[in-house]
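Asker: Here's a structure for you.
The values are calculated or read from the model by the stated rules, or taken from the named source; none is laboratory data. All of these numbers come straight from a predicted model, not from anything done at the bench. Quick reminder, even Gly has a Cβ in these numbers, built from the backbone with ideal geometry, and neighbours come from all protein chains shown.
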Amino acid sequence: MLVQNFADWLHVLIPSLVGYVQIYALPLAIAYFVHLCWHESPAEKNANKLPVVNRILPFEPQLITRIRWGFWAKRILQQAHVEYGDDPYVLARGDMDVTVLPASMIPELNQLPAEVISTREFHAHTLLGHITGIDIVRKTGFHVKVLLNRLSPALPQQIEPMNRRISAAMTRALPQTPGEAAVIKPLELFVEFISEAVALMLYGSPLCDDPEIVRLCHLHTRNSESSYFPSDQVFSGGYVANHEAVFTIVFVMRFVPSWLQSTLVWLLPWKWSLARTWKAIQDVVVPEIERRRKAEQRSDGDEEEHQDCISWMVRDGKTDVEQDPEILAKLVGALTSGSTFSTAGVVSGVIANLSIRPSLLEEVREEIQQVYDETQGNWTNSALNSLPKLDSVMKETARLTPAAMVLYSRHVEDDFTLSTGLKLHKGQRITTVPQIKSMNPETYRDPHTFDGLRHCGGQAFRKVDNDVLTWGSGRWACPGRFVANVMAKMVLVKLILEYDFRLVGDKKLPDVVMHEFTLFNPFTKLEVQRRDQVS
């Protein structure tokens, strides 16, 4: 009888519970979602009582802050400069609060050890390392050591084979008959050219001679099938838009609350493509490291030393992390992401600026021709560094269109008080806005105007300049800047000497600005025509 009553009670209770769930589940889920979006990234403790930019209301939902920063970052920074000048303030991004410091404090910050401020932690966070794979830099800076201590000193010996590979790729892709024209999407095609040098730099011979390895280098950076078409096909609209996988994921997912990113990112096709290339890199690099490690052990140092990043990592790794093949494979992928697209963007920007300034283009072309004649076409490191006009155009391009509107970004690892009395607290993030100085009339005359030759006689493009900050500053300045400078100039020299080119539409498309990033417009089309007289 007792059992029967209990069964009857359950028979009544369960439908009632189901009814309540149906009524209240959706509103509760929505309320919980709103709560998480509102409080998903608590505001940084503003111990210095600095003014806060991009937070209109004290309890504004973080999702709203994210959206506003994502679409109107440039305007927000400009307004902040008008209001606060060189005074520090807190920038609310939605995913984090960042203390913006004046660039004049960089020399003092450069003196702080890595135990106090860290660049790797900041970049891993801002590039969503947990979903893009870039978070490997949180574990180790081994790749930076390899670039600085191995690749940069070996660069003079690498220039000839790098140039040969880039030239061959350009010959295959671009018109070779005088007068023949084609329309290209410069950013995507230049990624392929740069990938030839990156494959040599990372994998070395004979692996880099495998077309699939080169293809892997540029597929890890972009997603599409083709960038080169005969003129009539492109003009008819028959082309596919390309995208840079890592940045596309970052652009989209930075709008999404942090707790949803790891799940929703799989709705993006670029995430699936990126996951495939990460796996492909692992499948190539891990067994290759094991093979080279065994070869090193057998050779007892008698074998000729290979000049590539994988070989240097195998030789120089000391700790368990530096010897782990899977970690090294991830570092190779991170280096691929960081070297191809950014360098191709510089080349694309320079070509676009030259194409709408014919007289400047002729001056640069004459300079390149003169050095070509003097060296009989032997483009050594010294020859590439003897092009002050080209250097100036590259630097001016970077000044007006920096890769990011905030640079010198750091994560504070330990408490520290600056000479101004400003207190840095563990867990805090700091950054600077370089264009405040580079667009200052006291720094550059008529700063909003493109003057391609304004940097002649000044610092070369490859060198750190605190007025522009293209490469950052101090011990954390970009370790790959020397390689990027060489790769960019190899493409530019050949293109300027051997081709006439113009932007389709005869005007430069506006750059893509999303969050703090500035990217060359991927929909830009360039008509290139083989010159009649080529040295």
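Asker: Could you say whether any residue in region 188-197 is of a type in the set (Val, Ile, Thr), part of a helix (DSSP H, G or I) and modelled with pLDDT under 90?
Answerer: Checked against the condition, which is being of a type in the set (Val, Ile, Thr), part of a helix (DSSP H, G or I) and modelled with pLDDT under 90, region 188-197 yields no hits at all.
Asker: Then there is this: Applying the selection to region 276-287, what residues are surrounded by fewer than 17 Cβ atoms within 10 Å (Cβ to Cβ) and of a type in the set (Gly, Ala, Ser)?
Answerer: none
Asker: Here's another thing I want to ask about it. Would you check which residues across region 81-125 are touching a Pro at 6+ places or on another chain (Cβ under 7 Å) and among the acidic types (Asp, Glu) and list them?
Answerer: The answer is 86, and nothing else.
Asker: Within region 428-436, can one find any residue that is farther than 30 Å from residue 523 by Cα, surrounded by fewer than 22 Cβ atoms within 10 Å (Cβ to Cβ) and more than 21 Å from the chain's Cα centre (by Cα)?
Answerer: No: zero hits.
Asker: Here are some conditions: (1) in contact with a Lys or Arg (Cβ under 9 Å, 6 or more places away or on another chain); (2) over 30 Å from residue 529 (Cβ atoms); (3) not basic (Lys, Arg). Residue 326 meets all but one. Which one does it not meet?
Answerer: It is condition (1) that residue 326 fails.
Residue-wise test of (1) closer than 30 Å to residue 510 by Cα; (2) over 20 Å from the mean Cα position of the chain (by Cα); (3) at pLDDT 95 or above.
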| residue | (1), (2), (3) |
| --- | --- |
| 317 | no, yes, no |
| 321 | no, yes, no |
| 340 | yes, no, no |
| 350 | yes, no, yes |
| 378 | no, yes, no |
| 382 | no, yes, no |
| 386 | no, yes, no |
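Asker: Right, here's the next one. Restricting the first residue to region 45-68 and requiring it to be more than 25 Å from residue 422 (Cα to Cα), which pairs with a second residue that is buried (at least 18 other Cβ atoms within 10 Å of the Cβ) and of a type in the set (Asp, Glu) meet a Cβ separation below 8 Å and a spacing of at least six or different chains?
Answerer: 62/40; 62/95; 63/40; 66/95
Asker: Same structure, new question: So, of the residues in region 397-453 that are part of a strand (DSSP E or B) and polar (S, T, N, Q), which turns out to be farthest from residue 49 (Cα to Cα)?
Answerer: 409
Asker: Let me ask you something else. Which members of region 497-535 meet the condition of being touching a Pro at 6+ places or on another chain (Cβ under 8 Å) and polar (S, T, N, Q)?
Answerer: Once the filter is applied, which keeps residues that are touching a Pro at 6+ places or on another chain (Cβ under 8 Å) and polar (S, T, N, Q), region 497-535 yields 518, 521, 524, 529.
Let's see how each residue does on (1) on the phi < 0 side of the Ramachandran plot; (2) assigned to a helix (DSSP H, G or I); (3) among the basic types (Lys, Arg):
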| position | (1), (2), (3) |
| --- | --- |
| 270 | yes, yes, no |
| 273 | yes, yes, no |
| 276 | yes, yes, yes |
| 306 | yes, no, no |
| 314 | yes, yes, no |
| 321 | yes, yes, no |
| 352 | yes, yes, no |
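Asker: Consider only pairs whose beta carbons are under 8 Å apart and that are at least six residues apart or on different chains; among these, list those whose first residue lies in region 360-378 and is charged (D, E, K, R) and whose second residue is buried (at least 17 other Cβ atoms within 10 Å of the Cβ) and assigned to a loop (DSSP other than H, G, I, E, B).
Answerer: Note: pairs meeting the criteria are 367/387.
Asker: Continuing with the same structure: Looking only at residues in region 38-58 that are at pLDDT 80 or above, hydrophobic (A, V, I, L, M, F, W, C) and in a loop (DSSP other than H, G, I, E, B), which one is surrounded by the fewest Cβ atoms within 10 Å (Cβ to Cβ)?
Answerer: This residue is 57.
Asker: Considering only strands (runs of 3 or more DSSP E) fully contained in region 455-535, which possess at least 1 residues that are over 21 Å from residue 432 (Cβ atoms)?
Answerer: Filter on region 455-535 gives 499-503, 512-514, 526-530.
Asker: A follow-up question, please. Anything in region 164-223 that is in contact with a strand residue (DSSP E or B) (Cβ under 9 Å, 6 or more places away or on another chain) and more than 20 Å from residue 522 (Cα to Cα)? List them, or say none.
Answerer: Residues satisfying the conditions are 175, 176, 177, 178, 179, 180, 181.
Asker: What's the total number of residues in region 446-460 that are farther than 13 Å from residue 393 by Cβ and more than 24 Å from the chain's Cα centre (by Cα)?
Answerer: 5
Asker: In region 96-181, which helices (runs of 4 or more DSSP H) lie fully inside it and hold 2 or more residues that are in contact (Cβ under 8 Å) with a residue 12 or more places away in the chain and aliphatic (A, V, I, L, M)?
Answerer: Of the helices (runs of 4 or more DSSP H) lying wholly inside region 96-181, those with at least 2 residues that are in contact (Cβ under 8 Å) with a residue 12 or more places away in the chain and aliphatic (A, V, I, L, M) span 106-110, 142-146, 152-173.
Asker: Read through the list (1) loosely packed, with under 15 Cβ neighbours inside 10 Å; (2) over 16 Å from residue 314 (Cβ atoms), then give the number of the only condition that residue 290 fails.
Answerer: (2)
Asker: A follow-up question, please. Can you tell me which residues in region 423-451 are touching a strand residue (DSSP E or B) at 6+ places or on another chain (Cβ under 8 Å) and touching a residue at least 24 places away in the same chain (Cβ under 8 Å)?
Answerer: Within region 423-451, 423, 424, 425, 427, 428, 429, 430, 431, 432, 433, 434 meet the criteria.
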